[in-house]
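Novice: Take this structure first; my questions come after.
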């Protein structure tokens with residue numbers, strides 16, 4: 001196997017794209033149409049053989065990793081409850097943790113009680129609901145080779161924030177009518193980690209849910225992103241209070 005890496009001038013850590021690039025470069029040099037020499041013809045066959053073998057191996061390796069990840073994702077709760085007796089994962093530990101929406105966006109650090117003592121585990125930023133983090137060698141220690149720790153992320157909801165399994169976020173926002181009327185052509189609100197202009201989307205006489213595509217949580221190792229839904233509610237009470245406050249203030253000024 002090592003000879004194939006040597007033939008193409010790549011290493012075991014080279015990506016399929018790097019292998020392909022090296023193959024194309026060598027193929028141009030040793031292609032029979034370029035050079036009729038017998039030695040070059042033999043070299044060209046070696047290059048093709050090496051390329052076919054390494055690309056196939058990389059594909060199978062990638063497929064195996066995907067299959068394992070898919071298996072863990074589908075069977076996480078059963079593995080955690082020890083319902084599934086899978087020898088491959090017998091020394092691994094599976095746990096759930098709950099974090100806030102803010103922690104899922106900014107990242108956080110959790111304290112985990114391991115048999116060898118407490119450990120601090122970094123939770124990366126922009127992690128989605130249902131994501132699984134693997135921490136090597138933090139599993140069971142009753143064997144020669146320690147297992148791994150698998151952590152499944154859950155994000156807490158509250159009365160104003162709802163997150164579904166597809167990492168879509170629904171946020172309920174109350175808007176003071178008076179504030180909106182004063183800035184209705186450029187009305188922005190802070191949502192998650194950015195300001196969003198909602199001026200054109202508000203109907204003050206009707207509650208409205210506004211969809212912002214790909215503005216929700218990242219998931220699938222940041223390859224995908226859910227949607228953001230803003231549930232806008234006009235707060236007439238706070239507006240009334242502000243108006244009354246101004247009227248009372250003006251009355252006081254006139255009577256002084």
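Taken together, the values in this text are just the output of simple stated rules run on the coordinates, not laboratory data. Computed from a predicted structure; not experimentally measured. Please note: Cβ atoms are built from the backbone with ideal geometry, for glycine as well, and neighbour counts cover all protein chains shown.
Novice: Listed highest first by mean packing, meaning other Cβ atoms within 10 Å per residue, what order do 13-24, 74-85 come in?
Specialist: 13-24, 74-85
Novice: Counting only Cα, what are the radius of gyration and maximum Cα-Cα distance Dmax of region 108-222, in Å?
Specialist: Expressed in Å, the Cα Rg and Dmax of region 108-222 come to 20.6, 69.
Novice: Hey, another quick one. In what sequence do 135, 68 fall when counting other Cβ within 10 Å, fewest first?
Specialist: Ranking 135, 68 by Cβ neighbours within 10 Å, fewest first, gives 68, 135.
Novice: Find the Cα radius of gyration of region 141-190, compare it with 2.2 N^0.38 Å by division, and give the number to two decimals.
Specialist: 2.23
Novice: Next up: Please express the shape of region 91-155 as an equivalent ellipsoid: the semi-axes are the square roots of 5 times the eigenvalues of the C-alpha gyration tensor, given largest first in whole angstrom.
Specialist: 23, 11, 8
Novice: Multiply the residue gap between residue 140 and residue 188 by 0.36 nm, knock off their C-alpha separation, and tell me the result in nm, one decimal place.
Specialist: On the way: separation 48, 0.36 × 48 = 17.28 nm, distance 5.03 nm.
Using 0.36 nm per residue and subtracting the Cα-Cα distance, I get 12.2 nm.
Novice: Sorting check: for 228-235, 117-124, which peptide has the highest mean count of neighbouring beta carbons within 10 Å, and how do the rest follow?
Specialist: 228-235, 117-124
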